[in-house]
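Have a look at the structure below, then the notes.
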Amino acid sequence: MTFVQNFPFICIIMTLFGGPLSSILGRKKAKVLNTAIITAVGLMNLAVLSFVIGTGESYVYSMGHFPAPWGNEIRIGVLEALMAVFFSVIMLLSILGGVKEREEQIEESKQNLYYIMVNLLLSSLIALIYTNDIFTAYVFVEINTISACGLIMIRQNGRTIVAGTRYMIMSLLGSGMLLLGISFLYGLTGELLMSNIHEAVVKIVAEGRYHDPLIVSLGLMSIGLAIKSALFPFHAWLPDAYGYSTVSSSAILSSLVSKGYVFLLIKIFYRVIGFDIVARSHIIDVLFVFGVMGMIMGSVSAIRQSSISRMIAYSSVAQIGYIYMGLGLGSTVGLEATLYHVISHAATKSLLFIAASGLTEVSDDSTDFFDLTGAGYRNKLAGLAFTAGSLSMVGTPLFAGFISKLLFAEAGIGHTYKTLPTMIALAISTVLNTIYFMKTVIRLYTPERQKVEEKKHFTRIHWWNEPLKSATLVCFIALNLVLGLGSARILFLIRNGLRMFG
């Protein structure tokens, strides 16, 4: 085994222990340590991605070299390494883009706690991507839940406490259902490693035994993860959690947390149960229906908002709907579209939240649309970044969102009975996306008509006033364009990863 093959395990352990270490350091040192750890994790995962692309096959890393059932293991392929690289990049940019607001909105005594939560969250995300043990996945789901709740509540402005409480209640409900499903599955198979469970499930299905318990187990795990990832109609906790947190927390929560749960669900479908068995259960048909409903209802709710942060938050409900619609199509092309959208949405939604913070900063810290009038002139880079993110979400060519919608349309064509609902949902959702995003962009570039003495404390910010946030916005815009213009390479990696994923 080469040294680079140890990197996924090192990443999990390093981020896991980075949290407690941050608690004994000063605020500035904890921030430096957190940034260094995220950067190191990204570089190590990039090395792993290069390695598995070169070998052309996945590999298994056994903890302590103990075999099952005593040992635990992680499984690394192109798809896992690709997701880990993107998650690390989005996490790093989200943290850097919200430094100023974070230091203003969080008490100095709690700054270290914030970095503890970020390290634990990144550790859980990397573990969910790589683990080949379903109970280990559950453990890190709980770590993810607790750390995400901490990121929401740490601002402590009243609304975030309520939002964090709602998030915890819904997440614990989802976690409980996931644990019940795992328990039933363990009772049926006597295994916890995903590959071993799959072998047992195939044998059970071939013998025609335990059909109903297996469906119940699969249904519990699917619903549990759907609740945790805010699939409509389980999304009630999301707007407040995303809309009132610090900008870094909103960017991380909307871009990464729900995607970790989606990736785990994909592993359960393809690696644990087997997608042929899942398709015959019709559970994916249920997910398809709720995905389509989420695409439309999330957008309708976004149109009704008067706050830019809540509008972006409700937009996430619609985008989660896209992901579950793609899963519900039950095809390889649909899964490719889903995985690409996980990446493109992560890059775009973080961009929107950070750009929105720059716009509210020059609007007397108001998120109200009326106060944002002309904000695109007062902070030109933030206005440009928000426009780029909006164009991507609408599905404008050159941007990542265009490729996502194109892939979903291709996946829907030729399906026996889902083609028409897919095309109608894509058309309606795109029109609704255009309404609320372009309405906001127009508002940002509408000249102010108030008299000078009636204006609030509006200021102007140039890119050199906030170099770190400006660099972050530029990187996010570039990442969107790279995903849009270089989609062929990303899709090649996704397809190559799926070949070795099952």
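Given the pairs LYS100/LYS380; LYS349/LYS418; LYS31/LYS100; LYS228/LYS349; LYS31/LYS110; LYS349/LYS469, which span a C-alpha to C-alpha distance of over 20 angstrom in this model? Listed pairs above 20 Å: LYS349/LYS418.
For a modelled paramagnetic label at ALA47, 7 Å from Cα along Cα-to-Cβ, the residues of the range 105-125 in reach, with backbone nitrogen under 19 Å, are 123. Given a cut-off of under 8 Å on Cα pairs at least six residues apart, what relative contact order in percent is computed for the range 197-337? Reported relative contact order: 28 percent.
The phi torsions of the range 193-209, fed into the Karplus equation with coefficients 6.51, -1.76 and 1.60 and a -60° offset, translate into couplings of 5, 4, 5, 5, 4, 4, 4, 5, 5, 4, 5, 4, 5, 4, 8, x, 9 Hz, rounded to whole numbers, with Gly and Pro shown as x. Computed over every Cα-Cα pair of the range 246-308 and binned at 5 Å starting from 0, the pair-distance distribution P(r) comes out as 4, 14, 14, 20, 20, 13, 9, 6, 3 percent. The phi torsions of the range 350-356, fed into the Karplus equation with coefficients 6.51, -1.76 and 1.60 and a -60° offset, translate into couplings of 4, 4, 5, 5, 5, 5, 4 Hz, rounded to whole numbers, with Gly and Pro shown as x. Computed over the chain, relative contact order equals 15 percent, with contacts defined as Cα pairs under 8 Å that lie 6+ residues apart. On full extension, the segment bounded by ASP364 and GLU104 gains 92.1 nm, given 0.36 nm per residue less the C-alpha separation. Against the chain, whose longest principal axis is taken from its Cα atoms, helix 308-328 shows a tilt of about 20°.
Taking θ as phi - 60° and the Karplus parameters 6.51, -1.76 and 1.60, the scalar couplings of the range 11-21 work out to 4, 5, 5, 5, 6, 5, 8, x, x, x, 5 Hz in sequence order, x denoting glycine and proline.
According to the calculation over all Cα-Cα pairs in the chain, the P(r) per 10 Å bin from zero is 4, 20, 31, 27, 13, 4, 1, 0, 0 %.
By average Cβ neighbour count within 10 Å, what is the ranking of 133-145, 110-122, 348-360 from highest down?
Per-residue Cβ counts within 10 Å, averaged per peptide and sorted highest first, yield 348-360, 110-122, 133-145.
Multiplying the residue separation of THR446 and ILE146 by 0.36 nm and removing their Cα-Cα distance gives an extension gain of 103.8 nm. Amide H contacts for GLU73 (H built 1.01 Å from N in the peptide plane; partners 5 or more residues away or on another chain; cut-off under 5 Å): MET63, ASN132, ASP133. What the Cβ-Cβ distance of GLU199 and ASN157 gives, at R0 = 51 Å and to the nearest 0.05, is a FRET efficiency of 0.50.
Each listed q (0.12, 0.19 Å⁻¹) maps to a log10 I(q)/I(0) for the range 1-157, found by the Debye formula over equal Cα scatterers with no solvent: -0.52, -1.14. Accessible surface of the chain, 1.4 Å probe: 67 percent of it comes from carbon and sulfur atoms.
Distance from the C-alpha centroid of the range 383-450 to that of the range 224-269: 20 Å, rounded to the whole angstrom. Taking every alpha-carbon pair under 8 Å whose residues sit at least 6 apart, the range 127-212 reaches a relative contact order of 30 percent. Over the range 377-437, the hull volume per residue, using the convex hull of the C-alpha atoms, is 63 Å³.
When you count the other C-beta atoms within 10 angstrom of each residue and take the mean per peptide, 487-493, 185-191, 1-7 line up highest first as 185-191, 487-493, 1-7.
Given a Förster distance of 25 Å, report the FRET efficiency between THR165 and HIS282 from their Cβ-Cβ distance, rounded to the nearest 0.05.
0.10
Helical content alone sets the calculated 222 nm signal of the chain at -24500 deg cm²/dmol, taking -39,500 (n - 2.57) per DSSP H segment of four or more residues and averaging over every residue.
When ligands, DNA and RNA are left out and all protein chains stay put, how many square angstrom of accessible area per residue does the chain have with a 1.4 Å probe? Mind showing how you got there, number by number?
On the way: 18610 Å² over 502 residues.
That works out to 37 Å² for each residue.
The Rg/Rh ratio for the range 183-261 is 1.17, where Rg is the radius of gyration of the alpha carbons and Rh is the Kirkwood radius. Over the Cα atoms of the range 68-205, each weighted equally, I'd like the Debye log10 I(q)/I(0) at q = 0.12, 0.19 Å⁻¹, rounded to two decimals. With one equal scatterer per Cα and no solvent, log10 I(q)/I(0) is -0.61, -1.16. The angle between the Cα long axis of helix 27-55 and the longest principal axis of the Cα atoms of the chain comes to about 50 degrees, rounded to the nearest 10.
With each pseudo-label sitting 7 Å past Cα toward Cβ, what's the LEU491-SER183 distance in nm, one decimal? In this crude spin-label approximation the distance works out to 4.5 nm.
The values are calculated or read from the model by the stated rules, or taken from the named source; none is laboratory data. For clarity, every value in this text was computed on a predicted model and none was experimentally measured. Every residue, glycine among them, receives a Cβ derived from its backbone with ideal geometry; neighbour counts consider all protein chains shown. Note: accessible area is taken over every heavy atom of the protein model, side chains too, but ligands, DNA and RNA are not part of it. Shrake-Rupley method; radii C 1.70, N 1.55, O 1.52, S 1.80 Å.
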